[in-house]
Structures are given as C-alpha cells and as structure tokens.
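A quick write-up on the structure given underneath.
The values are calculated or read from the model by the stated rules, or taken from the named source; none is laboratory data. Computed from a prediction, not measured in an experiment: that's the story for all the values here. Cβ placement follows ideal geometry from the backbone for every residue including glycine, while neighbour counts extend to all protein chains displayed. Just the protein is used for accessible areas: all its heavy atoms, side chains included, with ligands, DNA and RNA removed. Shrake-Rupley method; radii C 1.70, N 1.55, O 1.52, S 1.80 Å.
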Amino acid sequence: GKTNGDFSRLHSPRCIINIAMKQTLTIVCKLNPTPEQAQKLDKTLVAFADACNYVNETVNPKIKNKNRIQAETYKEIRSQFSLSANLAVRVCARVAANRKVGKPVKSFKSTSADYDARIFSYRERDQSASLTTVDGRLVISMVLGNYQIGKLKGHTPTSATLCKHRDG
C-alpha cells in the first residue's frame, strides 16, 4: 500500500499513552525509532488502516457492534493484513466506534493505530516502549521530558495510540 510519507523524514512518531486511574490520564510521548524501526511502524500503520478500510467496506454499515464485526472479519484481517491477534481486534473496535459517531469517516488514513496492554508496554527502566508490529515486537526509545517521566513513574499504562504527526 501507499504511505502518506515515512517516519524518518516528514513525520515524528508519537505514542499517546493512557493510564487508568480514577480518571484516564493521557500523556503524549515522542518515540525515537531507528530508520529500520520507523519503516516497520509505518508498515504497521498502513496495514492497520487498510484493515479498517476493508472491514468498513465489507461489513454491513448498520452493524456497529465490535464483537459482531470481529466475528465476521477476524480471520480475514489476520490473513490479509498480517496483523497480530490483538491488532486485528483493535481494528474491529475502531471501525465499530467510528460507526457510532454522528458522521463516520468513509476512509481510514494510515496515521494511527490503537494498542492495548497486551501489545504495548512502557518500560520505565530504560524509557522505551515495546510495541507489536506486523514484523514482530519492537522496543523503541522514547524522548521524554520531566513532565512525562513524572506522570509515568510507577504506573503501568493500559493502552496507547501510535500516531504519526507532522513535525512543525
């Protein structure tokens, strides 16, 4: 599939981390991937978006339940897009959530992917993130400021969104 650019030159990857507390705390963190890791992240974002578009186009638009969407498309998502089991489940959840908003998007772009605690972890000891990609698990260093370090200290994030942002 065609990408909207790559991580290494035009975009700066970010990881939006959620920590479950009494209320969810969202922290934006910059990833610092190697060029090879950046290619794998980009490939994963493209596969995630392509899978979302496939599901959105093949499942009846009136179906908005993620479990029903998953029952109809899970095997095809795994085989056609090389996504891990949990990324395939996250695709179904994203499409279902999109269908429940007032004006759902017609096409998903390769700019973000949703992660849960099984396919994402924050490693406090070396300030890195471990993420599942279409090419296996990657440990990517993070660029964190004192604010992010302080908020993440001693916490185990429950989910994250891998995002591609324009530098600016």
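From the list Arg78, Arg118, exactly one residue is outside any helix (DSSP H, G or I), under 17 Å from Thr132 (Cα atoms) and open to solvent by 80 Å² or more (accessible area, probe 1.4 Å). Which is it?
Arg118
Considering (1) touching a Leu at 6+ places or on another chain (Cβ under 7 Å); (2) modelled with pLDDT under 95; (3) of a type in the set (A, V, I, L, M, F, W, C), say which one Met21 fails and leave the rest.
Checking Met21 against (1) touching a Leu at 6+ places or on another chain (Cβ under 7 Å); (2) modelled with pLDDT under 95; (3) of a type in the set (A, V, I, L, M, F, W, C), the one that fails is (1).
Residues being in a strand (DSSP E or B) and either surrounded by fewer than 13 Cβ atoms within 10 Å (Cβ to Cβ) or of a type in the set (D, E, K, R) (or both): count how many of those fall in segment 140-168.
Counting residues in segment 140-168 that are in a strand (DSSP E or B) and either surrounded by fewer than 13 Cβ atoms within 10 Å (Cβ to Cβ) or of a type in the set (D, E, K, R) (or both) gives 3.
Of these, Tyr74, Tyr115, which one is under 13 Å from the mean Cα position of the chain (by Cα) and of a type in the set (Ser, Thr, Tyr)?
One residue alone meets the criteria, Tyr115.
Let me spell it out: the conditions are (1) modelled with pLDDT of 95 or more; (2) open to solvent by less than 40 Å² (accessible area, probe 1.4 Å), and Cys15 meets all of them except one. Which number is the exception?
Failed condition: (1).
Rundown of residues vs (1) in contact with a strand residue (DSSP E or B) (Cβ under 7 Å, 6 or more places away or on another chain); (2) closer than 16 Å to Thr34 by Cα; (3) at pLDDT 95 or above; (4) among the hydroxyl-bearing types (Ser, Thr, Tyr), yes/no style:
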site	(1), (2), (3), (4)
Lys109	no, no, no, no
Thr133	no, yes, yes, yes
Arg137	yes, yes, yes, no
Gly145	no, no, no, no
Gln148	yes, no, no, no
Lys151	yes, no, no, no
